[in-house]
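Reading through the structure tokens given below for one structure.
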DNA sequence: ACCTTTCGTTCCGAATATAAGAACATTATT
DNA sequence: AATAATGTTCTTATATTCGGAACGAAAGGT
């Protein structure tokens, strides 16, 4: 097990509570006691007491019909506190809206957490067929423009970790060969942008550029994501506008 | 202390972890170890270990400059899972957008959690001076139209609890007298809507109506919130549109 | 530049909260 | 009606956590 981050002894009971919370996601919003205990390899009684503890504080709620538990409103509340403190988000928002207006495609803002990407904001195009992704969703970095632009600026060490974890195939065009992916990433970093299509979702296309903060590090990826068929003819112009928006956001974040 | 909800013994260590998380809000996003231990009446070592546990799982992050802790991205992630499962929200959204378009004022959707209200969605008017409130923020129920409509449909028992907790004054017009408030609430329930101004924020006005689900219970309050000076002349029409929207939402939720 | 205070972090023995496992209660399924 | 599956409760030994002191580093004042 990877305990590299474990400097001090952690509280096992507390950690277990957090691990239980982490089991809930948009694919699986409800868990029963037995299910959870099987999944985590814990005793039923242990999981049950943990869930009661969580329920008493509103972190989970019991569905009285199914008898199962789902995440409570308290987590929405705390999630919104986090959203508020991500001022990258508030700064980026107006620029994203303008960019969406111009491109008529969905605009996304993504950051890295650990070895994954998380979409922290989006402005969806009003087209009936459009690219859409849930906020807060954790996605691997090796497929899709918005994630690849982020991956390209990672340290070699992190890139290797991601590759070592395995490169999941999303479409027939996903780059799952590690050496080819690394070559692609180098090229992306050289050019300072990433245009890719069909590697994350068929028919989809993404144009992504990095956003920098005052330390000069890449803190986010900004992208226009939509349908290849609509975007391919004027991708140069879309790229230009996307870069303009990212530059403005970076400047507002203190990048020189 | 109120232990009515404490059926089974809860995990103290786990509960402490959750209590620590609850200390973070948009007014205070960063806490130091000593501060927190003073605030919660816990030993520094206890709080420190809890924070390390939380940090290891990404629930809090340490600001390397201030040495203090703030909520981590993991909570944004979980918060978004909660947002996704609140399908009241997805159903209500388009109606709220239409209503905002019509009213040119901010439209809010609020639910009850415990003895407080929480705004779970909003569509802000594009006016430069407009009513605005953060998503996920916990507010008392006795002031403001959106909250009072919710309070009006509560059980007598709950209303008494809220009154017993004390009625905070927000403006000179806030109704802080319990018997007058209760009389107001009865009237609101009779009429099925709430129009109030200046009791939560000076110059502000709210028009709020209830939203029902398939069980026939009030599950949310929908409101138009804006400036009194702009709204007062055509409040009847605004109310009508607000009611129409709420009815449509209720119907979509299965209310007859 | 030095002292003082404050704060985050570590350490260790004592104490107690918790895990483990079984048993019970309740609901669904056959 | 019998069986299976799932949520809940109970009890005790033990391993985790607390409590308190001590350490080191930074901040602030003199």
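Nothing in this text is a laboratory measurement; each read-out follows from the coordinates by a stated rule. Everything numeric here is computed off the predicted structure, so don't read it as measured data. Virtual Cβ from ideal backbone geometry, glycine too; neighbours counted across all protein chains shown.
Helix B:156-165 axis versus longest C-alpha principal axis of chain B: approximately 60°, rounded to the nearest ten. Each residue in B:53, B:29 was given a count of other beta-carbon atoms within 10 angstrom of its own, and listing them fewest first yields B:29, B:53.
Counting Cβ atoms of other protein chains within 10 Å of each Cβ in A:114-121 and taking the mean gives 2. Take residue A:230, move 7 Å from Cα toward the beta carbon, and the resulting point lies 3.0 nm from the same point in each other copy, nearest first.
The calculated pair-distance distribution of the protein assembly as shown uses every alpha carbon pair, bins of 20 angstrom beginning at 0, and gives 20, 51, 27, 1 percent.
Here region A:12-78 yields Rg over Rh of 0.92, to two decimals, using C-alpha coordinates and the Kirkwood radius. Across peptide A:18-26, the mean count of Cβ atoms from other chains lying within 10 Å of each residue's own Cβ comes to 5.
Length, then width, then depth: along the principal axes, the Cα atoms of region A:108-161 run 41, 17, 13 Å. Return one number: the angle in degrees, 0 to 90 and rounded to the nearest 10, between the long axis of the Cα atoms of helix A:87-103 and the longest principal axis of the Cα atoms of chain A. Long axis of A:87-103 versus the principal axis of chain A: about 50 degrees. Our estimate of slack between residue B:161 and residue B:173, defined as 0.36 nm per intervening residue step minus the Cα-Cα distance, is 2.1 nm. Of the candidates B:222, B:109, B:239, which one comes out as most mobile in a Gaussian network treatment of chain B with C-alpha springs shorter than 10 Å? Result: B:239 has the largest fluctuation of those listed.
Comparing A:208, A:164, A:145 in a Gaussian network model of chain A (Cα springs below 10 Å), the most mobile by mean-square fluctuation is A:164. Semi-axes of the equivalent ellipsoid of region B:126-188 are 23, 13, 12 Å, computed as sqrt(5λ) over the eigenvalues of the C-alpha gyration tensor in descending order.
Taking other Cβ atoms within 10 Å as a rough exposure proxy, B:48, B:142 sort from fewest to most as B:48, B:142.
Share of pairwise Cα-Cα distances greater than 21 Å in region B:1-155 is 59 percent (whole percent).
Helical runs (DSSP H, four residues minimum) scored at -39500 (n - 2.57) apiece and divided by the length of chain B put the mean residue ellipticity at 222 nm at -14000 deg cm²/dmol.
Once the Cα atoms are used to define both axes, helix B:178-191 deviates from the longest principal axis of chain B by about 50 degrees.
Listed from fewest to most Cβ neighbours within 10 Å, the set B:249, B:10 follows the order B:10, B:249. Overall shape: oblate for region A:87-252, with the ratio a/c of the largest to smallest alpha carbon gyration tensor axis at 1.5 or above and b/c at least equal to a/b. Here the Gaussian network model covers chain B, with springs between Cα atoms less than 10 Å apart; of B:104, B:68, B:122, B:68 fluctuates the most. Once C-alpha pairs closer than 8 Å and six or more residues apart are averaged by separation and normalised to the residue number of region B:76-159, the relative contact order reads 21 percent.
Neighbouring Cβ atoms from other chains, within 10 Å of the Cβ of residues in A:41-53, number 2 on average.
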